[in-house]
Amino acid sequence: DLRALPGRPEALELLFAWAEERAAERAGAGRTTQFFVDERDDSLRALLAASGYAAIRSSFEMERSLEGELTPPSWPEGVVAEPFDDAHAEAVHSAHVEAFTDHWGYERESYEAWCAHNLSENDDTSLWRIAWDAGAVAGLCINRPRRGEDDTVGWVGVLAVRPRWRRKGLGEAL
């Protein structure tokens with residue numbers, strides 16, 4: 001994420017040069033550098049294009065109001081959702097890894113790194129839902145009480161469904 005104040009092209013150019021240099025140091029020769037750019041950031045998009053970068057992937061953010069009644073989820077047969085339990089952390093991590101293994105650009109996160117990223121004292125795992133089917137984790141939804149510093153927005157940080165349970169409505173239910 002690379003940002004500079006509007007109207008400060010010299011700052012953006014300096015940050016970009018530093019980011020490229022740092023990425024080359026960390027990634028090594030022959031690796032790929034990726035930047036994530038908000039579609040409204042014309043300055044960064046132009047700088048990247050002038051430097052030989054091309055858009056290769058897009059993503060979307062979706063939102064809905066929580067006003068009014070929410071439709072109860074319809075769970076696939078045999079699947080039940082439960083709150084996260086620390087005793088199941090390894091099974092949830094394994095399901096998370098499996099669900100994203102075929103995802104573009106995915107790099108496996110070790111169990112230790114996953115715990116550090118998701119199970120700190122600042123994380124509220126009571127917001128998580130784990131979908132179980134016959135004792136196996138079928139999918140998971142790691143929810144956050146805010147997006148970054150924005151307390152007005154709840155955030156679905158991870159929505160993962162293992163391949164065997166895809167196309168059955170589990171992601172929508174979670």
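The values are calculated or read from the model by the stated rules, or taken from the named source; none is laboratory data. Just so you know, these numbers come straight off a predicted model, no measurement behind them. FYI the Cβ positions are ideal-geometry reconstructions off the backbone, even for glycines, and counts take in every protein chain you see. With ligands, DNA and RNA removed, areas are computed over all heavy atoms of the protein, side chains included. Shrake-Rupley method; radii C 1.70, N 1.55, O 1.52, S 1.80 Å.
The table for this structure:
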read-out: Most to least accessible of ILE56, ILE142 (protein chains only, probe 1.4 Å); value: ILE56, ILE142
read-out: Relative contact order of the stretch 67-174, defined on C-alpha pairs under 8 angstrom at six or more residues apart (%); value: 31 percent
read-out: Accessible surface of the chain, 1.4 Å probe, proportion on carbon and sulfur as whole %; value: 49 percent
read-out: Computed E for GLU107/SER74 - FRET, C-beta separation, R0 41 angstrom, nearest 0.05; value: 0.75
read-out: Mean accessible surface per residue for the stretch 23-147, computed with a 1.4 Å probe while every protein chain stays in place, in Å²; value: 73 Å²
read-out: Shape category assigned to the stretch 17-102 from the gyration tensor of Cα positions, a/c cut at 1.5; value: oblate
